[in-house]
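In what follows, a structure is listed as structure tokens, so that the remarks can point back to it.
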Amino acid sequence: MLGFVLNTHQQWLCRQLADLGYPVTRQTAVPDTGPAIQDAVREALARAHLVIATGGLGPTSDDLTRDYIAALLGRKLQIDKTVLKHVEDFFALRRRSMPPNTAVQALVPEDTLVLPNANGTAPGLVMEIKPGDLHPTNQPGMLVMLPGPPRELRPMFTNQVIPLIRQRFPSPEMFVCRTLKTTGLGESVIQEKIDSALKHLTEAGLEVGYCARIGEVDVRLVARGGLAQETVSEAEAIIRALIEHHIFGTGDETLEAVVVRLLTERKRTVVLAESCTGGYIANRLTNISGASAVVWGGLVTYSNDAKQSLLGVRPETLVAHGAVSEPTAREMAEGARQRSGADYAIAVTGIAGPTGGTPDKPVGTVLIALAAPGKTKVLKPTNPYDRETFKFVTSQQALEMLRRSLLSEAAGS
């Protein structure tokens, strides 16, 4: 609530539940105070049959969820010997003394199903809510409490909670959600291109949403009911026919993952020569498993001396055109490719700012060169952002250049 921690649970759980056909209707964040927790749970149980609470099950003084929800429902806390032994074994296995306060994690509200935690100490808790638990008109439902750390919450939810939800709430309404990942177009431009073509489907219930972020726009298609799958598939086909070249993936795919996959499938390699991005492109690619087979390596040639000695950029090129120029970017890429023997070379040089710009080359100027067999292409966008955003956008443009080149190679063009 203070803004220091990003609520990734909301995004992840909503996605998991939506894919199962249980779209979330509301999510609430509250501070670690008893009354706030109780008020949020009381309201949620009055509105929904399934309520999931995350965090607040640990051993510290601000872990209040278990205690206050038990009090809200009038259920006494009692020591669960199996959980207590698990906590003791957790510390013994690591040859660490067990702090006395960690035993509080073995306190379980009566009439509660305990979910073992294979990756931590605090168990998950599942409580059946009966009419009258909170007030006479209270509807029946299920309350799930999960530990806060993602590495504990996610496997517990996947392996233990999902089967319980399916059993407790069978046969949800058919719900299909598909996300198309795009780059190179703004969200308003995309909507303008596809809106009218999808009109007959939106009038029949298709929901189209747009999520814009730096360098990308997600197009989200949602449909419900017996024809949901057919509706979403038809919408996707229409969109692909209109903006196919800008769609790089679906679902949670990242551009770097797509590029690594394409390089792997085509048995091609890439080398990187980065100046203004400082290794950002290499970092994105090497975050993907399997990148070692297709990424030859990378050089951060920030200075002119490095460009000359490591990449073979000619001194006269730098004198005549400067480090931020098309000829320099071209020689950086071609030099990297020649010296490494890689199939492709990406080179970037630019002015990230906020200082260093001139009237001819303002802050945000960047040159991206892609050297491929027999040809070198140079792109000259302008990215007038803060330094971190500048690096990401430039890396996005560079990876998209490579993606399109790989697709063109496969198509024989």
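Bear in mind these aren't lab numbers, they're just calculated from the coordinates by the rules spelled out. The model shown is predicted, which means the values in this text are computed figures rather than measured ones. Because the Cβ atoms are built from the backbone with ideal geometry, glycine has one as well, and the counts that use them run over all protein chains shown.
Taking all pairs of different Cα atoms in region 175-250, averaging 1/r and flipping that mean, what Kirkwood radius in angstroms comes out?
By the Kirkwood definition, the hydrodynamic radius is 12.3 Å.
Which of [x] -0.97, -1.03; [y] -0.82, -0.99; [z] -0.75, -0.89 is the computed log10 I(q)/I(0) by the Debye sum over Cα atoms at q = 0.11, 0.12 Å⁻¹ for the structure on display?
Label of the calculated value: [x].
Amide H neighbours of Asp63 under 5 Å, at least 5 residues apart or on other chains, H built in the peptide plane: list them.
Answer set, sorted by chain and number: none.
I need the shape label for region 8-168. Rule: rounded when a/c is under 1.5, else prolate if a/b > b/c, else oblate, with a, b, c from the alpha carbon gyration tensor.
Working: a/c = 1.76, a/b = 1.37, b/c = 1.29.
Note, shape of region 8-168 comes out prolate.
Please work out the FRET efficiency for the pair Arg339 and Glu316, using the Cβ-Cβ distance as r and a Förster radius of 30 Å; give the result to the nearest 0.05. Numbers along the way, then the final one.
Details: r = 19 Å, r/R0 = 0.65.
It comes out at approximately 0.95.
Suppose R0 equals 30 Å; then what is the FRET efficiency for Leu407 and Ala293 from their Cβ-Cβ distance, rounded to the nearest 0.05?
0.95
For a footprinting-style exposure proxy, rank Met1, Met142 by other Cβ within 10 Å, fewest first. It would help to have the intermediate numbers written out before the result.
Numbers: Met1 11, Met142 20.
Placing the least packed residue first, the sequence is Met1, Met142.
Would you give the gap between the C-alpha center of region 187-256 and the C-alpha center of region 1-62, rounded to a whole Å?
Cα centroid to Cα centroid, the span is 29 Å.
Measure off 7 Å from each Cα along the Cα-to-Cβ vector at Ser171 and Asn283, then give the distance between these two points in nanometres to one decimal.
Placing both labels 7 Å along Cα→Cβ, they lie 5.2 nm apart.
Taking amide H atoms as placed 1.01 Å from N in the peptide plane, list the residues 5 or more away in sequence, or in a different chain, whose amide H sits under 5 Å from that of Val363.
Gly357, Thr358
From the square roots a ≥ b ≥ c of the eigenvalues of the alpha-carbon gyration tensor of region 255-401, which class results: rounded (a/c under 1.5), prolate (a/b over b/c), or oblate? Walk me through the intermediate numbers first.
Details: a/c = 2.01, a/b = 1.33, b/c = 1.50.
Oblate, because a/c is 1.5 or more while a/b does not exceed b/c.
Going through the cross-link list Lys181/Lys391; Lys267/Lys361; Lys307/Lys391; Lys76/Lys130; Lys199/Lys391, which pairs have a Cα-Cα distance over 28 Å in this structure?
Violating the 28 Å limit, Cα to Cα: Lys267/Lys361; Lys199/Lys391.
Summing Lys, Arg as +1 and Asp, Glu as -1, what charge do residues with Cβ under 14 Å from the Cβ of Met142 carry, Met142 excluded?
For residues surrounding Met142, the net value is +1.
Expressed as a rounded percentage, what relative contact order does the chain have, with Cα pairs under 8 Å and six or more residues apart?
Once normalised by length, the contact order is 10 percent.
Compute the relative contact order of region 255-411 as a whole-number percentage, counting only Cα pairs closer than 8 Å that sit 6 or more residues apart in sequence.
Numbers: 303 pairs, mean separation 38.1, N = 157.
Reported relative contact order: 24 percent.
Given a Förster radius of 41 Å and the C-beta distance between Arg26 and Arg94 as r, what FRET efficiency does 1/(1 + (r/R0)^6) yield to the nearest 0.05?
The formula returns an efficiency of 0.55 here.
Figure the gain on full extension for Gln78 and Arg15 (residue separation times 0.36 nm, minus the Cα-Cα span) and round it to one decimal in nm.
So the extension gain works out to 19.3 nm.
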